[in-house]
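Notes follow the structure.
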Amino acid sequence: MKPSFFDLTYDELKTLLKEKGFSPFGATQIFDWVYKKGVYDPFKWTNVSKASQQYFSETYDLSLLKVVWNGLSKDGTRKFLVKMSDGQTVESVAIPARDRLTLCISSQVGCAVGCTFCHTATQGLKRHLKTSEVVLQFVTIQNWLKETVGVEEKITNIVYMGQGEPLHNFENMKKATLVFMNEKGLGLGQRRITLSTSGLVPAIEKMAQDFPPVNIALSLHSARNDVRTELMPINKVYDLERLFKAIKMIPLKAHRRITYEYLLIEGMNDSMDDVIALSGLLNSKESKINLIPFNEFPGSKYKRPSEQKIMWFLDQMIKRGFTCTIRTTKGSDILAACGQLKSEFEKLNLWDGNSQVIIPSIASTVLQNQAL
Ligand code: SAH
Ligand code: SF4
């Protein structure tokens with residue numbers, strides 16, 4: 001089987017061209033054809049030498065993924081099931097919000113981390129996605145939207161919040177991020193990409209030096225070690241002390257922010273003790289908290305707290321000076337049979353660094369009365 005063209009970063013493409021005796025400047029033209037113009041047939045790359053057209057056509061696979069299913073929600077959220085060459089499928093979700101179209105991308109088939117509230121965890125880890133399979137979720141869906149909905153449908157933001165733990169697939173996610181950000185191609189700015197992690201400490205430490213400076217969302221879910229360990233077995237090895245030591249190593253420039261994701265589960269992490277622990281652990285000036293009401297799925301052992309309880313928790317955090325939002329549910333009408341991504345769809349309210357707070361409908365009455 002031919003290697004996928006979409007595994008190549010811009011620098012790798014340049015090196016490859018040089019090695020094969022072609023002009024390395026061709027990399028700019030080829031990235032332009034593929035990522036800006038969406039032309040996947042090398043023989044149509046008219047300003048590229050015939051010999052290199054021939055070379056790429058013979059040596060590289062430029063096919064996209066197969067969209068095997070898609071569903072459109074009333075609120076405009078579109079869920080895709082995409083199939084890779086070995087027949088495995090993953091989910092990606094396109095979520096419109098204000099002037100953005102955010103694509104939620106998967107990083108693995110299944111996941112090894114084993115969080116007790118997560119549907120993907122029940123599958124275990126089947127395999128990592130290749131760089132090309134990560135990049136191709138974007139390219140395939142962008143192309144699908146252009147052909148099916150219209151040219152104005154442009155994906156503007158990416159979140160790595162689909163299936164899998166992105167930092168467990170470090171090298172491939174890093175390469176895919178380099179492709180997304182390269183200005184000769186898709187040119188997505190670093191603030192338009194958000195990586196969500198369960199807190200793989202060695203990878204966070206490595207990220208500080210060796211990963212493009214994207215936004216980070218940390219799945220915290222509890223500020224108490226015993227509760228966090230019950231929810232996320234990874235906390236047994238990398239507990240809160242180790243986790244926060246690693247987080248402090250990430251140089252937080254203006255463009256790189258950390259959002260703390262906090263799942264709200266009835267009777268588990270939604271009490272006054274939890275409020276106190278959370279406000280004691282985080283610094284209100286530097287942290288943004290995103291509350292995620294637990295999404296129940298068939299067989300899940302936890303419950304979502306009442307709306308009243310969710311609002312109470314939000315209110316407690318706001319009173320303590322935190323920027324805190326609740327994720328609204330998006331696409332719920334197309335997600336009934338879906339586990340993990342059912343929750344991922346709700347993740348639209350990521351802080352973009354500009355807007356102060358995004359007010360979901362259930363919170364609006366309360367929040368409008370607060371001086372936010
Ligand atoms: N593995 C990474 C990214 C994918 S999961 C991580 O854990 O951060 C993305 C988010 O979905 C995480 O914040 C995770 O905690 C959340 N999530 C998983 N199952 C959920 C559920 N049933 N309800 C609500 N959110 C859920
Ligand atoms: Fe993996 Fe994230 Fe699910 Fe935990 S929440 S099992 S890390 S995908």
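Details
- Proximal charge balance of A112 [Cβ under 13 Å; K/R count +1, D/E count -1]: +1
- Estimated dipole of the stretch 66-362 in Debye, rounded to 20 [Cβ of Lys and Arg +1, of Asp and Glu -1, Cα centre]: 500
- Rounded Å value of the spacing that divides the Cα centres of the stretch 163-227 and the stretch 284-304: 20
- The trypsin sites (Lys or Arg not before Pro) found in the stretch 125-158 that occupy coil by DSSP, while having at most 11 further C-beta atoms within 10 Å, are K154.
- Per residue, the accessible area of the chain comes to 43 Å² when a 1.4 Å probe rolls over the protein heavy atoms.
- Folded to 0 to 90 degrees: helix 201-210 orientation relative to the chain principal axis, Cα: 50
- Under a 5 Å amide H cut-off, with hydrogens placed 1.01 Å from N, G110 pairs with K126 among residues at least 5 apart or on other chains.
- Order by protection proxy (mean Cβ within 10 Å, highest first), peptides 62-69, 102-109: 102-109, 62-69
- The Cα atoms of the stretch 5-59 define a convex hull whose projected area, averaged across directions, is 3.2 nm².
- Net charge, L240 excluded, C-beta distance under 12 Å - Lys, Arg +1, Asp, Glu -1: +2
- For the stretch 1-141: relative contact order, % (alpha-carbon pairs under 8 angstrom, 6 or more apart): 20
- Using a Förster distance of 56 Å, the FRET efficiency for K50-Q209 (Cβ separation, nearest 0.05): 0.85
- Over the stretch 5-59, Cα pairs under 8 Å with separation of 6+ residues give a relative contact order of 22 percent.
- Think of the stretch 223-309 as having a plus end and a minus end, set by charges on the Cβ of Lys, Arg, Asp and Glu; of F294, A223, M249, M249 sits farthest toward the positive end of this dipole.
- Mean ellipticity per residue at 222 nm, deg cm²/dmol - from DSSP H runs of n ≥ 4 across the chain, formula -39500 (n - 2.57): -9500 deg cm²/dmol
- Note on K44: aspartates and glutamates with a C-alpha under 18 Å away, same-chain residues under 8 apart excluded, are D32, E58, D61.
- Protection-proxy order for peptides 34-47, 205-218, each taking the mean of Cβ atoms within 10 Å per residue, highest first: 205-218, 34-47
- Orientation-averaged projected area, Cα convex hull of the stretch 66-362 (nm²): 14.3
- Contact order relative to length of the chain, as percent, for alpha carbon pairs under 8 angstrom and 6 or more apart: 14
- Candidates per GluC sites (Glu not before Pro) in the stretch 136-189, loop by DSSP, up to 10 other Cβ within 10 Å: E152
- Taking a straight line from the alpha carbon of K245, these lysines sit under 25 Å away, with near neighbours fewer than eight places off in the same chain left out: K174, K206, K236, K253, K285, K288.
- Net charge of neighbours whose Cβ lies under 15 Å from the Cβ of K14, counting Lys and Arg as +1 and Asp and Glu as -1: -2
The values are calculated or read from the model by the stated rules, or taken from the named source; none is laboratory data. What you are looking at is a predicted structure, and each value in this text was computed from that prediction instead of being measured. A quick note on method: Cβ atoms are made from the backbone with ideal geometry, for glycine too, and the neighbour counts reach across all protein chains shown. With ligands, DNA and RNA removed, areas are computed over all heavy atoms of the protein, side chains included. Shrake-Rupley method; radii C 1.70, N 1.55, O 1.52, S 1.80 Å.
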